[in-house]
1. Which percent, to the nearest 5, of DSSP beta bridges fully inside the chain are antiparallel?
2. In whole Å, what three semi-axes, largest first, describe the equivalent ellipsoid of the chain built from its Cα gyration tensor (square root of 5 times each eigenvalue)?
3. Quick check: convex hull over the Cα atoms of the stretch 174-262, volume per residue in Å³, rounded to an integer?
4. Measure out, as a whole number of angstrom, how far apart the alpha-carbon centroids of the stretch 451-508 and the stretch 206-283 sit.
5. I need the P(r) histogram for the stretch 413-547: all alpha carbon pairs, bin width 10 Å from 0 out to the longest distance, whole percents.
6. With each run of n ≥ 4 DSSP H residues scored as -39500 (n - 2.57), what mean residue ellipticity at 222 nm is computed for the chain after dividing by its residue count and rounding to the nearest 500 deg cm²/dmol?
7. Averaging sequence separations of C-alpha pairs under 8 Å and six or more residues apart, then dividing by the length of the stretch 139-184, give the relative contact order as a whole percent.
8. Normalised by the number of residues in the chain, what is the relative contact order in percent for Cα pairs under 8 Å and 6+ residues apart?
Amino acid sequence: MKKDKDSKSHPDLVADWERLFRVFIRPEGQASRATLIKYMDPILYGLNDFLKTHVGITEAISLKELSNDFMDTIICENPEKKLADVISCLIKEIAPYAVNVASPYFVGHMTSAIPFFMVHLKTIVAALNQNVVKLETSKVVSVVEKQVVAKIHRMIYNKKESFYQENVQNTDTTLGVFTEGGTTANLTAMWAARNAKFPPKDGFNGIESEGVVAAYQAYDVNRCVILVSRRGHYSLKKAGGILGIGHQNIIAMDTDTKNRVDLSCLKRTIARLKKETPKTCILAIVGVAGSTETGSVDPLEKLAKIAAANNAHFHVDAAWGGPTLFSKKYKHLLNGIQLADSVTIDGHKQFYMPMSCGMLYLKEPHTLDVIAYYAHYVNRKGSVDLGIKTLSGSREANSLILDSALKIMGRKGYALLIDHGIETAAAFAKEIKKRKLFELWTAPVLNILTYRVCPPAIRKQLESASKEKRREINEKLNTVNRRIQRIQREAGYSFVSRTTLLQDNKPDDAIVVLRSVIMNPMTTIDILKEILDEQEEIFNLQLRDLLM
Ligand SMILES: *Cc1c(COP(=O)(O)O)cnc(C)c1O
C-alpha cells in the first residue's frame with residue numbers, strides 16, 4: 001500500500017471499506033459485543049481510576065510546554081492508530097493533563113464531579129444518537145422531553161394539575177426548551193421578549209422579519225434596554241449584541257450590601273429613563289437567582305412587581321441556583337421565581353449533568369410562539385417537531401439524561417446535594433471568620449462565597465485610612481490575593497478561583513477576592529480547612545513582604 005511520505009500513518013493500518021465496516025460496530029454478534037465492551041472498559045473504569053487518584057488540578061507542566069506537542073496540523077491519509085491505542089493514549093497522555101474537576105479540592109468553579117451514572121446515560125444517548133430537532137429522528141424522545149420539561153416547570157411554577165394535563169404533551173404549547181447552556185437560554189429569553197415587544201401590526205411585519213430599525217420606527221422607539229444588577233451574567237450582553245439591542249443597553253444596577261440588586265437604584269433608573277428619554281423601551285428586567293460570582297439571590301417578588309408595573313418581561317437567571325427548589329429547607333430562598341415570565345436553569349451545573357445542557361422555562365405556554373421557525377422538510381406547522389421553537393437546530397437527547405437522573409436521584413437525592421453545598425459553605429464562612437488572616441467578603445446565601453487575605457493590622461489601617469491611602473492598600477492586597485490564587489493553582493493540590501468586586505459599587509475601589517463554589521458532595525469542611533492552611537502558608541512564606 002502506497003503511503004504519503006511524511007505522514008505519521010501506522011505501518012500496518014490502511015483506510016478501506018473493510019475497516020470502515022468494522023468501525024461502525026453494532027453490538028449484534030457476540031464477537032463485536034465483546035470488542036465493544038473491551039474498549040469501553042478502560043474508558044469507563046480507566047478514567048474512573050484517574051479521577052480517584054489524580055488529586056490536583058494540573059501536572060507541573062506549563063501550557064506553553066504542552067502546546068509544543070500539539071503543533072502538527074496535518075491529517076494523515078491513512079490511520080495513525082488503532083482504537084485501543086487511541087483510548088489508551090487518551091487515558092495516559094490527555095487525561096493526566098486535563099483538569100480534574102471532580103476533585104473535592106477543586107472548589108473554584110461551577111464545574112465539578114458528576115455522579116458516575118451520568119457517564120452511562122451519556123453513552124446511551126450517544127449510542128441512540130437521536131436528533132431532537134424533529135420527530136422523524138427522535139419519536140418517543142420528543143415525548144419524553146415534553147414530559148420532563150413539564151416536571152421541572154411544575155417544580156418552578158407549581159400550576160394546577162389540569163394545566164399540566166393540558167400542556168404536557170400539547171404540540172402547540174411549550175413549557176420549556178433545552179439549550180446548549182445558560183448563555184443560549186438567556187439569549188432565547190431575551191429573543192422572545194424582544195419579539196413580543198415589536199409584534200406584527202398594520203403595515204409592519206414584526207421585528208423578527210423586518211429587523212430592529214424598522215421595528216423601532218414602527219413603534220416610535222429609539223432604544224431598548226435590559227436592566228439587571230452588576231452581578232448579572234455577561235451572557236446577557238451577548239444577547240444584547242446578537243439581538244441588535246446593543247450590549248451597552250444592558251444596564252447594570254448597583255447592588256446592596258448582600259450583592260442583590262439595589263431596588264432604589266432600579267426605581268431611580270426607570271424613573272430617569274421615562275423622564276429623560278421617553279422613547280426608551282424597557283424590554284426586560286432580569287433577576288439573578290444564584291449569581292455566578294457571589295451566589296446572591298435578588299428579591300424576586302419585588303422585581304416581578306416592578307417589571308409588571310413597567311410592562312417589561314421578567315426573566316430570572318437561575319442557571320446556577322434553580323435546583324435549590326429541590327430542597328424543602330432552602331427553596332424559600334428563591335421565593336418569587338414562580339412570577340417570572342421565563343427562567344434559565346443549567347443542567348450541567350446543579351443537576352450534575354455532563355457538559356453541556358441548559359434549559360429555559362416559560363410561565364405561559366405560548367411565550368415562544370414569537371420565535372417559531374418552520375421549514376418544508378422539517379418543523380412543519382402543527383407538527384411535534386421540537387426544533388420549531390429552539391435556537392439550536394440539531395441537538396442531542398439531553399432530556400433522556402435529565403429524566404433518568406431525576407428517577408435515579410429523586411427530589412430528595414438532589415436536595416441532599418443542595419443542602420450539603422449550602423451548609424458546607426456556611427461552615428466554611430465561619431472558619432474564614434475565625435482565622436485572623438482572612439476577611440470574609442461575601443457571606444454565602446447559597447453555596448458560593450468570596451473572601452480575601454487581609455491581615456488584621458492591615459484591616460485596622462484600612463478602617464482609618466483616607467480614600468487615597470485605602471486605594472493604595474487595597475491595590476497591594478489585590479496583588480497578594482491574585483498571587484495566592486495563582487501559586488495555589490500551580491502547586492496543583494487544590495483550586496479556588498478569583499474575581500473582582502467593587503466596594504460600595506465604586507468603580508475605583510476594585511477588590512480582588514478568592515471565590516469558592518461548594519458543589520462536590522465529597523468536599524468537606526476539613527478539606528476546606530486544608531485549603532485555607534495552604535493559603536496561609538503561601539502568604540507567610542512568599543507574600544508577607546509585599547504588604548510591608
Ligand atoms: C453559568 C451561568 C450562566 C451561563 O451559562 P453557560 O451554561 O455557561 O452558558 C448564566 N447565568 C448564570 C447566573 C450562570 O451562573
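1. Antiparallel: roughly 60 percent of the beta bridges in the chain.
2. 39, 37, 23
3. 119 Å³
4. 32 Å
5. 12, 43, 32, 11, 2, 0
6. -13000 deg cm²/dmol
7. The value is 42 percent.
8. Computed over the chain, the figure is 18 percent.
Bear in mind that the values in this text are calculations on the coordinates, not laboratory data. Since the model is a prediction, treat every value here as computed from it, not as a measurement. Neighbour counts are summed over all protein chains in view; Cβ atoms, including those assigned to glycine, are modelled from backbone coordinates with ideal geometry.
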